[in-house]
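This report concerns only the one structure given below.
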Amino acid sequence: MHKTGLLGLCARAWNSVRMASSGMTRRDPLANKVALVTASTDGIGFAIARRLAQDGAHVVVSSRKQQNVDQAVATLQGEGLSVTGTVCHVGKAEDRERLVATAVKLHGGIDILVSNAAVNPFFGSIMDVTEEVWDKLWMDKEKQESMKETLQIRRLGEPEDCAGIVSFLCSEDASYITGETMVVGGGTPSRL
């Protein structure tokens, strides 16, 4: 009887951990948060904006080109997500001010700022996401295969591979993490 009770307790505990890690017990970990995501109409920035919105945040996307902003907003709103956008070249002070003003006007404030730009001109608690451009690598199949061999998981990364960790770091679940560098590199040997 004691073993059955202990096994049952362990099984319930394991099920609880599994459900929590899969998001089954907590929905919308970013509910009622407002997120600004720069350079967020394509690639990693777009994947991050989508994931933050899927996790409940009101997201303001930005890009240097209006047509890119319009397309990203239409796509994400078409998925039923709370997304708005504005043009922002982060190298221009007036564009940065407009981006912040847009978020404040529409949502009353800003909780999360994800900067995909090399320059970080913003304030407060910020998450920088460094996206390296691999255009020549993606065009060269031989280099792709060689790169896969160096990765422990034997595949190249996708923008969505970064989005989950960013959403986690923006949530209360990561409230005790600060000043860390997280490498999303598929097992590439790297130390910063």
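Laboratory data are not the source of any read-out in this text; all were calculated from the coordinates shown. It should be emphasised that the depicted structure is a prediction, and the values quoted were computed from it without experimental measurement. Here the Cβ is made from the backbone with ideal geometry for all residues, glycine too, and neighbour counts use every protein chain on show.
Some observations on this one:
- Around V73: net Lys/Arg minus Asp/Glu count, Cβ-Cβ under 12 Å: -1
- Straight-line reach from K65: taking Cα to Cα under 30 Å and skipping same-chain neighbours fewer than 8 places apart, the lysines in range are K33, K92, K105, K136.
- One decimal place: the segment E97-S146 gains 13.2 nm when fully extended, by the rule 0.36 nm per residue minus the C-alpha distance.
- The modelled label-to-label distance for the pair R154/E79, using points 7 Å beyond Cα in the direction of Cβ, is 2.9 nm.
- Protection proxy ranking of 34-40, 157-163 - average other beta-carbon atoms within 10 Å, highest first: 34-40, 157-163
- Label-point separation in nm, V183 to R27, each point 7 Å along Cα→Cβ: 3.8
- Residue-count net charge about L151 - beta-carbon cut-off 14 Å; Lys, Arg +1, Asp, Glu -1: 0
- Sum of side-chain charges, A57 neighbourhood, beta-carbon under 10 Å (Lys, Arg +1; Asp, Glu -1): -1
- In order along region 58-69, the phi-based Karplus estimate (6.51 cos²θ - 1.76 cosθ + 1.60, θ = phi - 60°) of 3J(HN,Hα) comes to 8, 10, 10, 8, 8, 7, 6, 10, 4, 5, 5, 4 Hz; Gly and Pro are listed as x.
- Computed from backbone phi with θ = phi - 60° and the Karplus coefficients 6.51, -1.76 and 1.60, the 3J(HN,Hα) list for region 50-56 is 4, 5, 4, 5, 4, 8, x Hz; x is used for glycine and proline.
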